[in-house]
Number of protein chains: 2
Amino acid sequence: MLETWSLRVLVEVAERGSFSAAANALTMTQPAVSRQIAALEHRVGVALFRRVPRGVAPTAAGTIAIDEARAILGRLAGMEARLGAFAELRTGLVRVSAFPSANTEFVPEAIRRFSDLYPGVDVSLVVGGWRAIRSGDVDVALVTDWDRVDDDGVALVPLLEEEHRVALPAEHRLAGLTTVPLRELRGETWIEGSHPDCLGPLEGLEKALGGPPRIGFTCDDWTGKQALVAAGMGVTIISTLAGSAVRPDVALRPASPALPRRHVLAAVAPPATRTAAASAMLIVLTTLAAGYH
Amino acid sequence: MLETWSLRVLVEVAERGSFSAAANALTMTQPAVSRQIAALEHRVGVALFRRVPRGVAPTAAGTIAIDEARAILGRLAGMEARLGAFAELRTGLVRVSAFPSANTEFVPEAIRRFSDLYPGVDVSLVVGGWRAIRSGDVDVALVTDWDRVDDDGVALVPLLEEEHRVALPAEHRLAGLTTVPLRELRGETWIEGSHPDCLGPLEGLEKALGGPPRIGFTCDDWTGKQALVAAGMGVTIISTLAGSAVRPDVALRPASPALPRRHVLAAVAPPATRTAAASAMLIVLTTLAAGYH
DNA sequence: GAGGAGGTATACGTTCGACGCATGCTGGAG
DNA sequence: CTCCAGCATGCGTCGAACGTATACCTCCTC
């Protein structure tokens, strides 16, 4: 099967013009080179070098073999370079999945920083969720501690804690307060998301209200929730991660008693099987999260 | 240096989808494949396969590696094929050198037969002589036993014996005889070649003539010798190998006593360093010579 | 012409890498 | 819940390739 090393020796012999010189250049001995070439010639059934007094000279077949060998070795080097680009993050792909509020500001900023650091690596924002980590369809998934991530094949890295705000129509009677007492919202219609990612049933809310919230709508679409609030159809709770992405006709106010915080974590493959790009993205995420108060 | 076998294992794994299946296909064991891929991945610093329940699936880098590996293996096969063409005489070059009279009929016929048998092999008629066998500039050199081939690095293969004829002008007074008595030519002017290849001083001629021949011209050019004879400038001796190539205004006649025969041999490199094309040409030469009476 | 220098081929002992076997581990299927 | 398919790893073994030593050859020089 014509091993690569033979080709390397072949080219070196061709360039040096003698087995001895090639052996020196390759940090091996002359007999080793002699045997390599002899084995190669026996393999292909054709003499590749004529043994001349001062060394060796390629035959017609040898010239072809040398050219081919050069091309093949070049191709091999190219292959190594292309793969090395992955290892050195000069190319590649990292697929990120996040819940809606993280996608409003935090994740885009992380992607921006990542792309500055590694311009060659593509970043793709996908919808796989943390379960896709196992299957390899997602490299980094942002989750919260409300997600029941019970797969020990998925590593969790804490990023930050997000707080929650009550989202009111801008003209709501309580919108002028800096802090909204929750019990004042007992009679309001509430908008919930059915999926934990989308801020579903908030634990502790019932107790703070002094009774079960009256659920008027269920909407997983984060933009839709905002729209419903702006239209005066109800109130809801929105994560501070949403940041400045909230539309101006919706007011965000801290609640009293304070709403429970939610931990945001990055779900990634365990270090052993983790992509270099995923590790890099994880670092970007953690450093970015450290900048969040 | 990324050995070929790794690439072979790589593509086999890619095609089978599992280490075990690839191991079967390659008549090796699953652990061996596992180690090969692991070493390859460690070498390039990138995971090439994701380990999935039913086997393995290539990563992005793995896909590139597989494509490259396929291309490189194909190129390697191509190289082997191109070199194999030399071994199987589907291409190549054989350089033949011969003395002038052999070039008139014998060698051209041999080349014709050779080219019929091996259309891909180029045949080149060169002027190196038997000394060029050693240097590799000539593959087969036709020589006679008058050549002092004293190099044991050159093998000699007997081909045939050539006879000699006296060459007379067609209107010569003796041209009508079927056999020319040499002593009748005592007074003639003789044309000799200085080089043995060109029929130089003929041993025994002096004794047959009853005295030293009177040398009028020395001409190494075989055509020139004929022309001189035709012009009536003298007589000479020409090998029967010249055959029908002798011009019609020159008569060839056997001499009495018979002129000494000359052995024609093929000088080639010893079998160890002999080209396949040279061996093939040698066979053609010997079979062709066997047909000569 | 004898000897030295430079180069290749071969014999022999050794070493190191790759393999096979056995085993453990994991994830999905019945 | 058990079984099975498949990958990873430890261990002992074997062989391929290497290095050392040496023979042989050619050319060059004195």
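The values are calculated or read from the model by the stated rules, or taken from the named source; none is laboratory data. Quick caveat: nothing in here was measured; it's all calculated off a predicted structure. Cβ: placed from backbone, ideal geometry, glycine included. Neighbour counts: every protein chain shown. Calculation scope for accessible area: heavy atoms of the full protein, side chains included, ligands and nucleic acids excluded. Shrake-Rupley method; radii C 1.70, N 1.55, O 1.52, S 1.80 Å.
Only a single criterion out of (1) within 16 Å of DNA strand C (Cβ to nearest atom); (2) modelled with pLDDT of 90 or more is not satisfied by residue B:134, namely (2). Quick check on the stretch A:9-30. Is at least one of its residues more than 9 Å from every other protein chain (Cβ to nearest Cβ), in contact with a Leu (Cβ under 8 Å, 6 or more places away or on another chain), crowded, with 21+ Cβ neighbours inside 10 Å and of a type outside the set (Phe, Trp, Tyr)? Yes - at least one qualifying residue is present in the stretch A:9-30.
Would you say residue A:2 is within 28 Å of residue B:63 (Cβ to Cβ) and either within 9 Å of DNA strand C (Cβ to nearest atom) or more than 10 Å from chain B (Cβ to nearest Cβ) (or both)? Spelling it out, it is not the case that residue A:2 is within 28 Å of residue B:63 (Cβ to Cβ) and either within 9 Å of DNA strand C (Cβ to nearest atom) or more than 10 Å from chain B (Cβ to nearest Cβ) (or both).
Going through (1) β-branched (Val, Ile, Thr); (2) open to solvent by 50 Å² or more (accessible area, probe 1.4 Å); (3) more than 29 Å from residue A:290 (Cβ to Cβ) one by one, residue A:275 falls short only on (3). Screening residue B:75 with (1) surrounded by fewer than 18 Cβ atoms within 10 Å (Cβ to Cβ); (2) away from chain A (no Cβ under 14 Å); (3) in contact with a helix residue (DSSP H, G or I) (Cβ under 6 Å, 6 or more places away or on another chain) gives one miss only, at (2).
Considering the conditions (1) facing another protein chain (nearest Cβ under 10 Å); (2) within 30 Å of residue A:291 (Cα to Cα); (3) part of a loop (DSSP other than H, G, I, E, B), residue A:47 is excluded by exactly one of them, (2).
Per the listing A:43, A:50, A:35, the residue uniquely within 16 Å of DNA strand D (Cβ to nearest atom), closer than 30 Å to residue B:89 by Cβ and in contact with a Pro (Cβ under 8 Å, 6 or more places away or on another chain) is A:50.
Output the residues belonging to the stretch A:53-67 that are free of Cβ contacts under 8 Å to residues at least 24 places away in the same chain and either at the interface with chain B (Cβ under 7 Å from one of its Cβ atoms) or within 15 Å of DNA strand D (Cβ to nearest atom) (or both). Break it down into steps so the answer makes sense when it comes.
Residues of the stretch A:53-67 that are free of Cβ contacts under 8 Å to residues at least 24 places away in the same chain, as a first pass: A:53, A:59-61, A:63-64, A:67.
The answer is A:53, A:60, A:61, A:64.
So that you can scan it fast, the table gives a plain yes or no per residue for (1) away from every other protein chain (no Cβ under 14 Å); (2) in contact (Cβ under 8 Å) with a residue 24 or more places away in the chain; (3) under 30 Å from residue A:205 (Cα atoms); (4) not in a loop (DSSP other than H, G, I, E, B):
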residue	(1), (2), (3), (4)
A:237	yes, yes, yes, yes
A:242	yes, yes, yes, yes
A:266	yes, yes, yes, yes
A:277	no, yes, no, yes
A:283	yes, no, no, yes
A:289	yes, yes, yes, yes
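Residues being more than 12 Å from chain A (Cβ to nearest Cβ), surrounded by fewer than 16 Cβ atoms within 10 Å (Cβ to Cβ) and part of a helix (DSSP H, G or I): count how many of those fall in the stretch B:130-162. So the count comes out to 0.
When restricted to residues that are open to solvent by 20 Å² or more (accessible area, probe 1.4 Å), of a type in the set (A, V, I, L, M, F, W, C) and within 10 Å of chain A (Cβ to nearest Cβ), the stretch B:82-100 contains 3.
Restricting the first member to the stretch B:116-144 and to residues that are on the phi > 0 side of the Ramachandran plot, and the second to residues that are of a type in the set (Ser, Thr, Tyr), the beta-carbon pairs closer than 8 Å and six or more apart or on different chains are B:129/B:97; B:136/A:59. Checked against (1) out of contact with any Cys (no Cβ under 6 Å at 6 or more places or on another chain); (2) assigned to a helix (DSSP H, G or I), residue A:225 meets all criteria but (1). Restricting B:73, B:40 to those that are touching a Ser or Thr at 6+ places or on another chain (Cβ under 8 Å) and farther than 25 Å from residue A:133 by Cα reduces the list to B:73.
State all residues of the stretch B:102-125 that are within 14 Å of another protein chain (Cβ to nearest Cβ) and either under 12 Å from the mean Cα position of the chain (by Cα) or acidic (Asp, Glu) (or both); if no residue qualifies, say none.
Correct list: B:121, B:122, B:123, B:124.
Take the stretch B:31-44 and flag every residue that is within 14 Å of chain A (Cβ to nearest Cβ) and more than 8 Å from DNA strand C (Cβ to nearest atom). Scanning the stretch B:31-44 gives B:37, B:38, B:40, B:41, B:42, B:43, B:44. Checked against the criterion of being within 29 Å of residue B:153 (Cβ to Cβ), of a type in the set (D, E, K, R), modelled with pLDDT of 95 or more and away from DNA strand D (no atom under 16 Å from the Cβ), the candidates A:80, A:15 yield just one match: A:15.
Return yes when residue B:266 is among the small types (Gly, Ala, Ser), modelled with pLDDT of 85 or more and open to solvent by 40 Å² or more (accessible area, probe 1.4 Å) and no when it is not.
Details: among the small types (Gly, Ala, Ser): yes; modelled with pLDDT of 85 or more: yes; open to solvent by 40 Å² or more (accessible area, probe 1.4 Å): no.
Judged against the criteria, residue B:266 is not a match.
Which residue out of B:66, B:111 is assigned to a helix (DSSP H, G or I) and open to solvent by less than 20 Å² (accessible area, probe 1.4 Å)?
On the way: B:111 fails: open to solvent by less than 20 Å² (accessible area, probe 1.4 Å).
Sole residue among the options that is assigned to a helix (DSSP H, G or I) and open to solvent by less than 20 Å² (accessible area, probe 1.4 Å): B:66.
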